[in-house]
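Down below is the structure, laid out as structure tokens.
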Amino acid sequence: MPAASAMAVSTAAQEVGLKRGEFAIAVHLGLIRLMVPRDGGRPMVGRDEIERLRSQDGFPEALRERVRTVGTAEGARQLGISPDRFTRFARAGCLTPITFYLNRYRAIVWLYLADELTGFAAREPQLLTGRSPGWLRDRLEGGADCRAGNWRSRRVERLLSLTEDPWARVAVLADTLDPVQLAEVVDDPYERAYLARLRPEPAFGPTGPVWARETMAHLMRADEPDELLWRRVNLIMELDNAREVRSAPRPGSDRRSLPSPASERVPAPDPRADADADADADADASAGAGAGAGAGAGARSKFRSRSRSLSRSGPGSDLVSGAPSSVPPSPCPGPGPVHAPTGAAEPAVGLLARIGLRRRTSREANRRQSPPGRAPFGG
């Protein structure tokens with residue numbers, strides 16, 4: 001798009017009458033579409049997008065109301081409950097934060113969409129009065145605090161929906177693991193460096209002091225065993241798909257030769273590889289290992305079938321925006337279903353080892369020889 005028909009996000013925020021934090025939330029919710037250049041430059045906003053927003057009914061008050069956030073005290077007044085009860089709902093996972101900021105004591109202050117609180121009150125009026133249900137009391141007595149996990153899941157879901165590039169999707173999921181966990185899944189240092197360059201940035205770029213950005217990075221990382229396992233499975237599946245589409249760039253490689261996401265295709269199978277596989281199969285059969293290989297393949301097939309069934313249901317596949325009054329929910333809303341990429345290949349044979357708390361075996365690592373040898377902060 002020509003530069004004359006696009007503008008910087010700071011200019012676009014002024015054009016639609018939103019503050020920086022409000023504009024970032026509008027982008028996060030999908031209310032405003034950004035144009036991200038392929039060369040990795042700063043995102044822009046098209047003038048046609050500004051005209052679309054201006055043509056909506058009730059502009060700009062209606063748009064401003066959709067991104068209006070409230071803290072604990074104001075949210076409690078909106079629901080007609082005490083701040084303590086509001087916090088209990090949020091910790092139990094009934095309310096999902098949209099963003100946060102750090103106060104002068106560097107403590108996290110969660111913010112919630114006022115529009116979502118209105119919907120929660122309409123769906124679950126019985127939770128606002130009387131004694132809290134047993135499932136909510138049990139969850140809080142167990143020390144549950146789902147605010148960070150729900151915020152993280154919401155952000156990851158939105159970032160994944162904004163891109164179809166396989167390596168960009170891997171970069172989103174890589175942000176949810178600490179460096180040690182990430183190195184166990186992505187053992188190639190060049191791939192990890194490529195993912196660091198593709199790491200999604202806020203609409204206005206890195207803002208705020210260093211310690212605030214560090215808090216944002218810390219909150220993006222999964223910290224519960226179930227969520228860690230789920231994130232690793234998601235990352236492995238997306239990583240396998242990205243490797244099939246194209247390889248990560250290496251030092252000295254011509255990046256211009258890399259195919260664009262629109263023209264990416266899975267490479268055709270190599271006939272020589274099939275011949276080698278047949279020869280290996282004949283050798284295994286002659287050595288009497290056919291039965292063991294069949295059992296191993298059956299076990300892997302059974303595991304993949306189980307993974308697909310879990311990906312459709314998953315532990316806590318939806319965020320708890322309002323806990324049901326009849327059926328007690330799971331102990332804490334989970335990170336969501338596994339995001340099997342479109343056209344993705346089945347998980348690799350080493351999936352069990354890769355999602356465990358140990359590195360892959362040297363035999364698996366040798367299969368791929370590597371050459372020697374990045375306002376409210378949650379918007």
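Suppose the filter is outside any loop (DSSP other than H, G, I, E, B), modelled with pLDDT of 95 or more and more than 13 Å from the chain's Cα centre (by Cα); does residue 173 pass it? It is false that residue 173 is outside any loop (DSSP other than H, G, I, E, B), modelled with pLDDT of 95 or more and more than 13 Å from the chain's Cα centre (by Cα). How about segment 112-147: which of its residues are among the hydrophobic types (A, V, I, L, M, F, W, C), in contact with a Leu (Cβ under 9 Å, 6 or more places away or on another chain) and open to solvent by 20 Å² or more (accessible area, probe 1.4 Å)? 121, 128, listed by residue number. For segment 84-107, enumerate the residues that are open to solvent by 70 Å² or more (accessible area, probe 1.4 Å) and either more than 24 Å from residue 202 (Cα to Cα) or in a strand (DSSP E or B) (or both). Across segment 84-107, the qualifying residues are 84, 88, 91, 101.
Of all residues in segment 186-219, those satisfying the criterion of being assigned to a loop (DSSP other than H, G, I, E, B), open to solvent by less than 20 Å² (accessible area, probe 1.4 Å), out of contact with any Ser or Thr (no Cβ under 6 Å at 6 or more places or on another chain) and at negative phi are 186, 203. If you check residue 90 against the conditions, is it more than 26 Å from residue 213 (Cα to Cα), touching a helix residue (DSSP H, G or I) at 6+ places or on another chain (Cβ under 8 Å) and either at pLDDT 95 or above or of a type in the set (A, V, I, L, M, F, W, C) (or both)? Answer is no for this residue. Being modelled with pLDDT under 95, closer than 25 Å to residue 231 by Cβ, of a type in the set (D, E, K, R) and out of contact with any helix residue (DSSP H, G or I) (no Cβ under 6 Å at 6 or more places or on another chain), is that true of even one residue in segment 126-147? Yes - at least one qualifying residue is present in segment 126-147.
Would it be correct to say that residue 162 is more than 17 Å from residue 231 (Cβ to Cβ), within 27 Å of the chain's Cα centre (by Cα) and open to solvent by less than 20 Å² (accessible area, probe 1.4 Å)? So residue 162 does not fit the description; no. Does segment 39-57 contain at least one residue that is farther than 23 Å from residue 164 by Cβ, open to solvent by less than 40 Å² (accessible area, probe 1.4 Å), out of contact with any strand residue (DSSP E or B) (no Cβ under 9 Å at 6 or more places or on another chain) and assigned to a loop (DSSP other than H, G, I, E, B)? No, that holds for no residue. Does residue 81 qualify as being over 23 Å from residue 27 (Cβ atoms), open to solvent by 10 Å² or more (accessible area, probe 1.4 Å) and aliphatic (A, V, I, L, M)? Spelling it out, residue 81 is indeed over 23 Å from residue 27 (Cβ atoms), open to solvent by 10 Å² or more (accessible area, probe 1.4 Å) and aliphatic (A, V, I, L, M). Here segment 58-75 is the region considered, the condition is being charged (D, E, K, R) and not in a loop (DSSP other than H, G, I, E, B), and the residue that is farthest from the chain's Cα centre (by Cα) is 61. Residue 69 falls short on exactly one of the conditions (1) over 24 Å from residue 153 (Cβ atoms); (2) touching a Ser or Thr at 6+ places or on another chain (Cβ under 8 Å); (3) at pLDDT 95 or above; (4) crowded, with 16+ Cβ neighbours inside 10 Å, and that condition is (1).
The values are calculated or read from the model by the stated rules, or taken from the named source; none is laboratory data. Computed from a prediction, not measured in an experiment: that's the story for all the values here. Backbone-built Cβ (ideal geometry, glycine too); neighbour counts: all protein chains shown. In case anyone asks, the SASA skips ligands and DNA or RNA and just uses the protein heavy atoms, side chains included. Shrake-Rupley method; radii C 1.70, N 1.55, O 1.52, S 1.80 Å.
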